[in-house]
1. Counting pairs on different chains as well as pairs 8 or more places apart, how many Lys pairs in the chain have Cα atoms under 26 Å apart?
2. Enumerate the amide H contacts of Leu49 below 5 Å, restricted to partners 5 or more residues apart or on another chain; note that Pro and chain-start residues carry no placed amide H.
3. Going by how many other beta carbons lie within 10 Å of each one, how would you line up Val36, Val80, fewest first?
4. Treating only the Cβ of Lys, Arg, Asp and Glu as charged (+1, +1, -1, -1), what charge dipole size does the chain show about its Cα centre? Round to the nearest 20 debye.
5. Can you give the local net charge around Asp41? Use residues other than it whose beta-carbon is closer than 10 angstrom to its beta-carbon, Lys and Arg +1, Asp and Glu -1.
6. For Leu6 and Thr44 in the same chain, what is the full-extension length gain: residue separation times 0.36 nm, less their Cα-Cα distance, in nm?
7. Apply 1/(1 + (r/R0)^6) to the Cβ-Cβ distance of Ala91 and Gln53, taking R0 = 25 Å, and write down the FRET efficiency to the nearest 0.05.
8. Using a Förster distance of 25 Å, how high is the FRET efficiency between Ala74 and Asp30, based on the Cβ-Cβ distance and rounded to 0.05?
Amino acid sequence: MNRKELISAIATKAGVTQTDADAVLNAFQDVVFDVVAKGDDKLTLPGFLSFEQGSRSAREGRNPATGETIQIAASKTAKVTAGSKLKAAAAG
């Protein structure tokens, strides 16, 4: 399902226009981006998904082409975790 199909499905289920559904989806996306970018909070939709900022510490790696040891810098990541109801839906 692509974005256009998702907006259409949301509009149909909610009984709103596709324009309104698109605006809500954009607002949701902006809120998730803000929460992950700030990193001091976690957005949780119980049973569905949670979004938060994760971090990876600096570590030593290896260049697969040369076998040379390299240093990999610390970095920030986006962490998305599936909730129990979503996991149950995937399991059948």
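Derivation of every value follows stated rules applied to the coordinates shown; laboratory data play no part. Since the model is a prediction, treat every value here as computed from it, not as a measurement. Cβ placement follows ideal geometry from the backbone for every residue including glycine, while neighbour counts extend to all protein chains displayed.
1. Within the chain, the lysine pair count is 14.
2. Gly83
3. Sorted ascending by nearby Cβ count, the order is Val80, Val36.
4. It works out to roughly 340 debye.
5. Value of the local net charge: -1.
6. Length gained, Leu6 through Thr44: 11.6 nm.
7. Computed FRET efficiency for Ala91 and Gln53: 0.30.
8. 0.40
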